[in-house]
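Visitor: Submitted below is the structure of interest, expressed as structure tokens.
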Amino acid sequence: MKTIYLDVLIFTNLFEDFIFLLVTKYILRQNTRYYRLLLGSLFGGLSSLFVLLPEYNFIINLMFKLIITAIMVLITFGYTNKKIFFKTYLTLFLLSFLVTGGLIFFYLALRPKGVEIINDTVYFNISPTLLIILTLTIYFILLLYRKLISNHSKASQIHKVKICMNAKEAEVDCKCDSGCNLKEPFSNCYVIIVEKILLTNLLNEDMKFRVIPFDSLGGSGIIYGFCPEIVYIDNKQLKEQVYIGVCENILKNDVKGLIPENLIRG
């Protein structure tokens, strides 16, 4: 293949990176908006222009891919803490490494038409229609997979949360919710949402509260949150800082607290 079409190069690698990011999201049950998935995959697609540079050795190619992967993770999933970042980073990198390695083996074994390997980047010259069909197929397979395992997932359980503040404690049964991704806007810390009636033992007029805006299917608005001294989840002390968001009559079922899924997985 002597001619490389830039639109095909970018589009096919954008598609490939979107699938990698989507699979990473589902494997780790990360909460991120789809526009961030698109931005991350767009960055990955544009980085494929690396193939136009003179061919480099394996070490330089590897360093380039490590940096690109880190930036894609930050664009798509943001930064919560080191543990979650490196878990996401390694998952995406290993997924990309294994698939790309398989494609390189396939290319070297069969030398198929429309495929080229340059600077360890795979170039496909296939129709956009086929890519769209593949994207939709993989997406619906992932949706089916998540639905089948949701009832057995750790995230569907109820967790005991103990909140300590000023030598006082409050214990709350919190449901781990994959859709709960609320963060305090200045610190970027996760927010555990609890009904006010369960926190009367902790709250007082001298406490400092932060205004925390939220946006959900039920509407948008603000809640007030405070930073507790210590939080235990299932009798295990939470190492990272969190905020407790105080709500009133928002949670209508028997569970009066919501905890972000990343706090359970992390």
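All of the numbers you see were taken from the coordinates with simple rules; none came from a lab. Remember, predicted model here, so these are calculated numbers, not experimental data. Here the Cβ positions follow ideal geometry from the backbone for every residue, glycine too, while neighbour counts run over all protein chains shown.
Visitor: Using a 7 Å offset from the Cα along the Cα-to-Cβ direction at both residue 169 and residue 188, what is the distance between the two label points in nm, to one decimal?
Guide: 3.3
Visitor: Okay, next question. Normalized C-alpha radius of gyration of the range 155-265, against 2.2 N^0.38 Å?
Guide: 0.97
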